[in-house]
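Here's the structure, in structure tokens; my notes come after.
The values are calculated or read from the model by the stated rules, or taken from the named source; none is laboratory data. Just so it is clear, the structure is predicted and the values come from calculations on it, not from any experiment. We place every Cβ from the backbone using ideal geometry, glycine too, and count neighbours over all the protein chains shown. Please note that ligands, DNA and RNA were not included when accessible areas were found on the heavy atoms of the full protein model with its side chains. Shrake-Rupley method; radii C 1.70, N 1.55, O 1.52, S 1.80 Å.
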Amino acid sequence: MRVRAGAALEERIIELIHERGLASGAAMPTEPQLMELLGASRNSVREAIRALQALGIVDIRHGYGTFVGQASLTGLTTSLAFRVRSSDGIQAIRELVEVRELLETGLIGEVAKARTSEPKLSALDALVTAMAHDSGADRAFHALLYENCGNELVLQLIGLFWDTYHEVEELLGEPADRTGDLIANHRRIVDALRERDSKAARDAMRLHFRDVRARISRAEEEAASTEAS
């Protein structure tokens, strides 16, 4: 059955995936089949498939064919960073951080209610220690916190916000060396998980983001001072 012709070609291919119930990893119809189903030229189909590949909706495996992708949000980092740079950069970063803080402050309270295994607590402790010399340990810490929350979208969103922030943070100027505070704040989070104390976990997470917001405020003040002079 032909899909409707009124939508853009990419949307019609997505509609075809849903109509056929194709799950992630399933083989897509071949290029000639798509041409027939969509009534489109070879070049048009190829351009549409490349556009969907960029979004992660399809996965082209050279020599094997085209398959339904996972549509991970990680591919949106570039677009979100572009939005931040194209608008009032510092204000856009503040909004990005506010959304992430709301998300993580709510989540950490739920995580603290459940029993966190000793191996996981030890892994979190190790990541906190590693923050003294490894900038990637912070991202790994937050990913590990929520890995068992049962919500893959949450994990992708947190990763998206973290990656985007670190791609545009030079807009905030040179950071002060707050490694000691960073480690202490994350240590508080782990301690709260050990005690299964939801309030303490949320307070520790808010304290963590307070430092980030303070850096943003300093950057706003410096920008305003520069404009006034």
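The rows are residues; the columns are (1) open to solvent by less than 50 Å² (accessible area, probe 1.4 Å); (2) not acidic (Asp, Glu).
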| site | (1), (2) |
| --- | --- |
| 46 | no, yes |
| 50 | no, yes |
| 54 | no, yes |
| 57 | yes, yes |
| 68 | yes, yes |
| 81 | yes, yes |
| 85 | no, yes |
| 91 | no, yes |
| 110 | no, no |
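A count restricted to segment 128-154 and to residues that are modelled with pLDDT of 85 or more, open to solvent by 50 Å² or more (accessible area, probe 1.4 Å) and among the aliphatic types (A, V, I, L, M) stands at 1.
Residues are listed down the side, and each one gets a yes or a no for (1) assigned to a helix (DSSP H, G or I); (2) within 18 Å of residue 211 (Cα to Cα); (3) in contact with an Asp or Glu (Cβ under 7 Å, 6 or more places away or on another chain):
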| position | (1), (2), (3) |
| --- | --- |
| 90 | yes, yes, yes |
| 107 | yes, no, no |
| 112 | yes, no, yes |
| 128 | yes, yes, no |
| 132 | no, yes, no |
| 153 | yes, no, no |
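With the structure loaded, tell me whether residue 105 is out of contact with any strand residue (DSSP E or B) (no Cβ under 7 Å at 6 or more places or on another chain) and either open to solvent by 30 Å² or more (accessible area, probe 1.4 Å) or at pLDDT 85 or above (or both) or whether it fails that test. Yes; evaluated as a whole, the condition is true for this residue. If you filter segment 163-182 down to residues that are crowded, with 17+ Cβ neighbours inside 10 Å and hydrophobic (A, V, I, L, M, F, W, C), you find that the one that is nearest to residue 127 (Cα to Cα) is 182. When you look at residue 125, is it open to solvent by 30 Å² or more (accessible area, probe 1.4 Å) and under 20 Å from residue 182 (Cα atoms), yes or no? Criteria met by residue 125. Checking each residue in segment 9-43 for being part of a helix (DSSP H, G or I), under 25 Å from residue 78 (Cα atoms) and open to solvent by 40 Å² or more (accessible area, probe 1.4 Å) picks out 10, 11, 14.
Do the conditions hold for residue 160, that is, is it aliphatic (A, V, I, L, M), open to solvent by 70 Å² or more (accessible area, probe 1.4 Å) and within 20 Å of residue 102 (Cβ to Cβ)? So residue 160 does not fit the description; no.
Let's see how each residue does on (1) part of a helix (DSSP H, G or I); (2) touching a Ser or Thr at 6+ places or on another chain (Cβ under 6 Å); (3) over 19 Å from residue 114 (Cβ atoms):
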residue: 162; (1), (2), (3): yes, no, yes
residue: 168; (1), (2), (3): yes, no, yes
residue: 171; (1), (2), (3): yes, no, yes
residue: 175; (1), (2), (3): no, no, yes
residue: 190; (1), (2), (3): yes, no, no
residue: 194; (1), (2), (3): yes, no, no
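Evaluate segment 73-87: report whether one residue or more is over 26 Å from residue 168 (Cα atoms) and outside any helix (DSSP H, G or I). No, every residue in segment 73-87 fails to be over 26 Å from residue 168 (Cα atoms) and outside any helix (DSSP H, G or I).
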